[in-house]
Structures are given as structure tokens and as C-alpha cells.
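Notes follow once the structure below has been shown.
Just so you know, all these numbers are worked out from the coordinates, no wet-lab data involved. Computed from a prediction, not measured in an experiment: that's the story for all the values here. Because the Cβ atoms are built from the backbone with ideal geometry, glycine has one as well, and the counts that use them run over all protein chains shown.
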Amino acid sequence: MPPIITECFILKKINFRETSVILTLFTKELGKIKGILKGVRKEGSKISPLTFSEGAYISTFVYKKKSELNLLSSPTLLKFFYFKDKDSFKVYFHILKLIDVFTPDLEKEESIFYLIKEIAETLETNKKQYLLFLAFKLRFIEILGYGIKLDKCCICEKEMERYFFSPKKGGVICKNCNKEDPNCVKISKKIISIMRFIKKIEIKNVEVLNIKKIDAEKINYLCNLTLYYHTNLNFIWWKNEKNIFR
Ligand SMILES: [Zn+2]
């Protein structure tokens, strides 16, 4: 099979043997893949270490293999994002980690590729990194098909005064329907309307929203309940996310 050339973001890098690396990539053409890049760590290698560093935006040839591990070759660095502050790096790497944890292998999803690109570019200038993180998460959950529906009760479709948030249904449910999900939690009108704003606004404009970190953290918690409902992961993937909001 001829190789495919693809643009991608490096989600994870593991050194392999003496001179190689194994990369987990989110590619435009193939979705998430793993590949080996041979010999790049040997002395005198013409490929700069940034080209195979976590977070790098590169293009590379992929020789697809039957095994989980594909063969990569001739990578070119398209961009390494140098953010001005630690918080932006923190948010960027949290996002890459979430994509690694939650996306299945080999499922093409260009919208995720473009979402990473847009967030990274916006992080270069945006000062409200915690809002960008939320903007990412709400969109990511939507792409994965887990929600989040906020317009009316997800079950009876009626508009009500008071709502609960159901991780199972991926959205709000009314007080008459809240028996359907014993794990649902109360959600205020204010939080619902903030979530709507973040979903609606263009990512590059998210900075104009005036949202307190404490409310942002509440929304992040609801997002995590939704993601948690859909996985059997037994490790704490949301660990350290609180650092983004405090
Ligand atoms: Zn209802």
C-alpha cells in the first residue's frame, strides 16, 4: 500500500529502544493512530527533536500496517506552539491528553483535528485559558455524541422552570423526569445560560465572556460527569484539571 501523507498533532511520545520513538498522533486523514519513527534520536540525525515532541504540529508519511503500530517517515515540523505562559501550555496538554484518552483509534474525525488547531492558535493570544478549555470540552463532548443538550428537557422535551443535569442523557432534564437518572444533579438557570453562550460563541471570541472561574469549574464538573458516564476507564483522567480553574 502506498504511504499516506497527513498533517497531525503529536498527542504522546515514548522513546523506544536506542534511537526510535513511538508517537500517538491525531491525524487529519486517519483520526488517531500510533506509529514508530525510526532512528530519529541517533546522533547526527537531521530531524530536530521538536519534530517528534508532544504537542508539535507536523506532517508525516504513514505506511499503514496490519498491526497497531504504523511506520512513520520523513516528518516535517509545521509548527511548534510557543505559548507566552504556563497556563496556556497546561490547557494545551490537558486537551491533547483528553483526545488521546477518549477518541477511538482509526476513526477519521476532521472536526477534532481542526478543533485542536483552532484552540492552539487561540491560546497564543487569549488570556482566559480556562474558558478556552471549557469551549474545547463542550465541543469535544458534542463531537463524541454524548451531549450536551440544554434547550429543554431531554426526556419529555418540555420547557420548565427548574432543571437537573443528567450525565446519562447528556443534558438537562426537568423535575418530573429526574427519576430517570438517579445520578442527575441540580443545575441553575445561570449555569445553563453560561453553557449556552460558550457553545454558541466562536472560539476566538470566547475571551469576551465574563465568567467567573468558580462557575467555569462547575461546568467543567458537569462535562466530566458526562464523559465519565460513557467510559470504563479506571484511572483518574481529570486529575489536575482543577489547576486550570484555581
Ligand atoms: Zn421532562
Exercise for the section: Report the label-to-label distance for residue 81 and residue 42 in nanometres (one decimal), using points 7 Å from each Cα along the Cα→Cβ vector. Expected result: 3.4
Completion exercise
Residue span residue 183 to residue 221: 0.36 nm per residue of separation minus Cα-Cα distance leaves a gain in nm of 12.3 nm
Problem - Length-normalised contact order for region 4-79 - Cα pairs under 8 Å, 6+ apart - percent - result: 32
Practice task
Sum up the charges of everything whose Cβ sits under 10 Å from the Cβ of residue 18, counting Lys and Arg as +1 and Asp and Glu as -1, but leave residue 18 out.
Solution key: +3
Problem - Net charge of neighbours whose Cβ lies under 12 Å from the Cβ of residue 197, counting Lys and Arg as +1 and Asp and Glu as -1 - result: +2
Problem - residue 89-residue 114 pseudo-label distance in nm [points 7 Å out on the Cα-to-Cβ vector] - result: 3.1
Completion exercise
Straight-line reach check, residue 190, cutoff 15 Å on alpha carbons, 8 or more apart in-chain or any other chain, hits among aspartates and glutamates -> 151, 161, 215, 217
Handout entry: Within region 164-235: Cβ-based charge dipole about Cα centre, in debye rounded to nearest 20 (Lys, Arg +1; Asp, Glu -1)
Key = 260
Problem - Rounded Å value of the spacing that divides the Cα centres of region 115-153 and region 157-185 - result: 23
Fill in the blank from the handout: Restricted to region 126-245, the DSSP antiparallel beta bridge percent, nearest 5, is 90
Handout entry: Members of 38/66; 32/152; 12/108; 38/64; 38/65; 108/179 lying beyond 26 Å, as alpha-carbon distances in this model show
Key = 32/152; 108/179
Problem - Neighbourhood net charge (15 Å Cβ-Cβ; Lys/Arg +1, Asp/Glu -1) for residue 68 - result: +3
